[in-house]
Amino acid sequence: MTELHEGTTLDDTTLAELREIAGRYPQARSGLLPMLHLVQSIEGRITPRGIEACADILGISAAEVSGVATFYTMYKRRPVGDYHVGVCTNTLCAVMGGDAIFERLKDHLDVGNDETTDDGKITLEHVECNAACDFAPVVMVNWEFMDNQTPESATQLVDDLREGKEVRSTRGPRICTWREAERVLAGFPDDLADEGPAAGPASLVGLEIAREKGWKAPASGRKQVGGRKADTPVEAAKQADSPRAESETRVAESDAKTVGEDAGGKNEEGGA
Ligand code: FES
């Protein structure tokens with residue numbers, strides 16, 4: 001296997017880590033997404049050799065790996081700079097200033113969408129909703145939130161990143177490089193997950209109002225099946241699955257019956 005990847009930066013250590021990821025899952029191929037992140041952390045993008053390595057380890061075809069890598073936008077076929085700056089231009093962020101931020105950054109950095117600055121520092125991309133609409137307009141740096149941005153603050157942000165200044169996410173840790181972030185996404189923590197605030201004020205407004213008013217969630221969302229309430233979430237999930245399983249069994253039995261009747265009908269036709 002090593003000879004196959006001769007000349008690549010995917011050395012034996014990385015190949016061992018790719019196997020380690022695959023080994024975390026009951027079905028090894030479930031590890032493909034984090035494996036692709038690990039490839040990106042080493043090679044700066046999804047390379048043909050990275051695709052081959054994943055396919056080889058998982059026992060699937062390169063076409064299957066490539067199909068996944070080209071489907072999800074977090075996998076890059078072109079090299080990404082030290083910092084991936086994603087400007088949300090989805091509806092809410094766009095009208096709140098996301099479009100203006102994106103235009104300003106394109107001018108300021110002299111790059112187009114999905115392009116990297118000449119110094120290799122910043123890759124600019126417009127991204128879809130990051131589920132942070134309460135902080136619109138949002139910019140992501142290596143998938144960390146930079147909330148409530150303006151064209152001016154976003155310009156300062158990319159300047160700071162290019163100059164190597166320490167930048168902290170609004171709701172998260174200090175910003176690391178894109179490759180370092182990719183390694184975390186591959187499942188190798190950098191122990192920064194608890195750094196910085198986990199939630200911003202806008203997200204907590206509902207909780208504060210509920211506390212003020214003494215509102216509480218219903219006692220339990222757990223289903224009461226068969227006259228007994230589940231004691232644990234796992235038990236509740238099992239109970240919730242039971243009627244579905246019964247229903248699916250009924251459908252399967254019904255399908256089988258229909259097929260049998262069809263087959264019988266044909267036989268009868270054939271015998272007529
Ligand atoms: S529209 Fe930008 S985070 Fe939702």
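Taken together, the values in this text are just the output of simple stated rules run on the coordinates, not laboratory data. Keep in mind that what you see is a predicted model, and the values were worked out from it rather than measured. Note: ideal-geometry Cβ built from the backbone for every residue, glycine included; neighbour counts use all protein chains shown.
Taking H placed 1.01 Å from N in the peptide plane, check which residues at least 5 places from Arg168 or on another chain put their amide H under 5 Å from its amide H.
Long-range HN contacts for Arg168: Ile175.
Identify the GluC sites (Glu not before Pro) of the stretch 123-155 meeting these criteria: DSSP loop state and at most 13 other C-beta atoms within 10 Å of the C-beta.
Glu128
Need one number for the stretch 1-145: average projected area of the convex hull over its C-alpha atoms, nm².
Value for the stretch 1-145: 9.7 nm².
Efficiency by 1/(1 + (r/R0)^6): what FRET value for Ser220 and Val95, r their Cβ-Cβ distance, R0 = 35 Å, to the nearest 0.05?
The value I calculate is 0.35.
Suppose the Debye formula is applied to equal point scatterers at every Cα of the stretch 83-185; what is log10 I(q)/I(0) at q = 0.10, 0.15, 0.20, 0.21 Å⁻¹?
Values, matching the q order: -0.22, -0.52, -0.96, -1.07.
With a 10 Å Cβ neighbour count serving as the proxy for reagent exposure, in which order, fewest first, do Met35, Met140 appear?
So the ranking, lowest neighbour count to highest, is Met140, Met35.
With 5 Å bins from zero, work out the P(r) of the stretch 3-71 over every alpha carbon pair and list the percent per bin.
Histogramming the stretch 3-71 at 5 Å steps yields 4, 19, 35, 27, 13, 2, 0 percent.
Would you list Phe102, Phe135 from fewest to most Cβ contacts within 10 Å?
Listed from fewest to most nearby Cβ atoms, that is Phe135, Phe102.
Taking the Cβ of each residue in Ile122, Ile60 as the centre, tally the other Cβ atoms inside 10 Å and list the residues starting with the fewest.
Listed from fewest to most nearby Cβ atoms, that is Ile60, Ile122.
So which trypsin sites (Lys or Arg not before Pro) in the stretch 1-98 are both in a DSSP loop and have at most 13 other Cβ atoms within 10 Å of their Cβ?
Arg24, Arg77
Between Thr70 and Arg24, what FRET efficiency follows from the Cβ-Cβ distance if R0 is 25 Å, with the result rounded to 0.05?
0.55
Non-local amide H neighbours of His126 (under 5 Å, H modeled in plane, Pro and chain starts lacking H): which ones?
For His126, the qualifying residues are Val87, Asp114.
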